[in-house]
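J.: A single structure is presented below for examination.
The values are calculated or read from the model by the stated rules, or taken from the named source; none is laboratory data. All of these numbers come straight from a predicted model, not from anything done at the bench. Note: ideal-geometry Cβ built from the backbone for every residue, glycine included; neighbour counts use all protein chains shown.
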Amino acid sequence: MFTMKNSALLLVTLATLFVGCKNEDKLGTVNNPVKLYFTPSVDAETIATNSQDFIKFLEKETGLIFKTGIPTNYIAVVEAFGSKRADIGVMNSFGYILAHSKYGATAKLRVLRYGHDYYQGQIIAHVDSGINSVKDIQGKKFAFTDPSSTSGYMFPLKILKDANVEVSNHTFGIKHDNVVTMVYQKQVDAGATYYSAPSKSGKIRDARARVKTQFPDVEDKVKIITITEKIPNDPFVFRKDLDKEITSKFIAAVKKFLSTEAGKKNFKNIYSVEGIVDTTDADYDGLRSMIKSVGINIEENLK
């Protein structure tokens, strides 16, 4: 006799089989796509719009199905590697250090900007501040960018600590252009932002360039006091136990994509990236040493 109890057992069995089949779907298929996460260093709409062509190219080249994720903060990208919600991620350098130490995620590619696989930070000051050297910042008002920023917080902080300089108070502008504006408007005496060397024609490419439309004379009013050590650029990060064949296919495809003019334009729109180079975890040891020397708690800062 087919009872309600038997019916219930049958449904449970079928449900178990369905879940089992679903879990066995091979990574890179429709029901189990390769999950590619983007660090939200620019607005999500910009990433989503410009990443569509990239995903189409990846799928055509690799024969795999991809799905993108754009979390609202840096720590979410890190934790996605721990829960296997992320297979591959484009991360900031600081977030990568944590993803590697907590979950064994590994950097295999590093982006290029303006022909360099590194960037730097800078300390800037208003020309009327009386600040001409790092020592002159003693007792002044200072603006960092963000607690998770290597160029706008960690490396400049190291410079201040090495010089035994203490500011009277400090604040976080959150965005690099906000810090430049605060210095320009004399809300603070000095601040920290990212630095990129000027172009061959002399056009500035550091954070001050972001406010030139609003403040055309920013170069005359805001000067650079010092520049930090080199910081390794953003890495492409791969989950610890990700299938090697998927990793190889992805790396070959992204290199091919960025060898095309359309691909370069696409990534320039997302992260101002113009190319990539191979990298290893060891390339980030200098950053680890800096973090340790300054006494920064990585996870707390990312939060």
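J.: Within region 173-182, can one find any residue that is modelled with pLDDT under 95 and surrounded by fewer than 16 Cβ atoms within 10 Å (Cβ to Cβ)?
T.: The answer is yes; a qualifying residue exists.
J.: Can you find a residue in region 109-119 that is touching a residue at least 24 places away in the same chain (Cβ under 8 Å), crowded, with 18+ Cβ neighbours inside 10 Å, among the charged types (D, E, K, R) and within 30 Å of VAL188 (Cα to Cα)?
T.: yes
J.: Can you give me the number of residues within region 64-87 that are of a type outside the set (D, E, K, R), surrounded by fewer than 24 Cβ atoms within 10 Å (Cβ to Cβ) and closer than 26 Å to ASP25 by Cβ?
T.: Residues meeting the conditions: 11.
J.: Enumerate the pairs (first residue in region 56-75 and aromatic (Phe, Trp, Tyr) and modelled with pLDDT of 85 or more; second residue anywhere and buried (at least 19 other Cβ atoms within 10 Å of the Cβ) and not in a helix (DSSP H, G or I)) with beta-carbon separation below 6 Å, excluding pairs fewer than 6 apart on the same chain, so at least 6 apart or on different chains.
T.: PHE66/VAL34; PHE66/LEU36
J.: Restricting attention to region 144-152, does a residue exist that is out of contact with any helix residue (DSSP H, G or I) (no Cβ under 9 Å at 6 or more places or on another chain) and touching a residue at least 12 places away in the same chain (Cβ under 8 Å)?
T.: There is no residue in region 144-152 that is out of contact with any helix residue (DSSP H, G or I) (no Cβ under 9 Å at 6 or more places or on another chain) and touching a residue at least 12 places away in the same chain (Cβ under 8 Å).
J.: Of the residues that sit in region 183-212 and are small (Gly, Ala, Ser) and surrounded by 20 or more Cβ atoms within 10 Å (Cβ to Cβ), which one is farthest from GLU229 (Cα to Cα)? First the steps, then the outcome.
T.: The first filter runs over region 183-212 and keeps only residues small (Gly, Ala, Ser), leaving 190-192, 196-197, 199, 201-202, 207, 209.
Narrowing further to those that are surrounded by 20 or more Cβ atoms within 10 Å (Cβ to Cβ): 190-192, 207.
Numbers: ALA190: 19, GLY191: 17, ALA192: 13, ALA207: 17 Å.
Applying the filter and picking the extreme gives ALA190.
J.: Okay, next question. Please give the number of the condition ALA197 fails out of (1) within 24 Å of PHE172 (Cβ to Cβ); (2) not assigned by TED's automatic domain parsing to the domain that holds THR62.
T.: Only one criterion is unmet by ALA197, namely (1).
J.: Next question. If a residue counts only when it is in contact with an Asp or Glu (Cβ under 7 Å, 6 or more places away or on another chain) and over 15 Å from ILE276 (Cβ atoms), which helices (runs of 4 or more DSSP H) contained entirely in region 37-116 have at least 1 such residues?
T.: Qualifying helices (runs of 4 or more DSSP H): 93-103.
J.: Has region 214-232 got any residue that is buried (at least 20 other Cβ atoms within 10 Å of the Cβ), modelled with pLDDT under 95 and either of a type in the set (Asp, Glu) or under 15 Å from VAL111 (Cα atoms) (or both)?
T.: Yes: one or more hits.
J.: Separate question: What tally of residues in region 48-100 results from selecting those that are acidic (Asp, Glu) and within 24 Å of LEU112 (Cβ to Cβ)?
T.: Matching residues across region 48-100 total 3.
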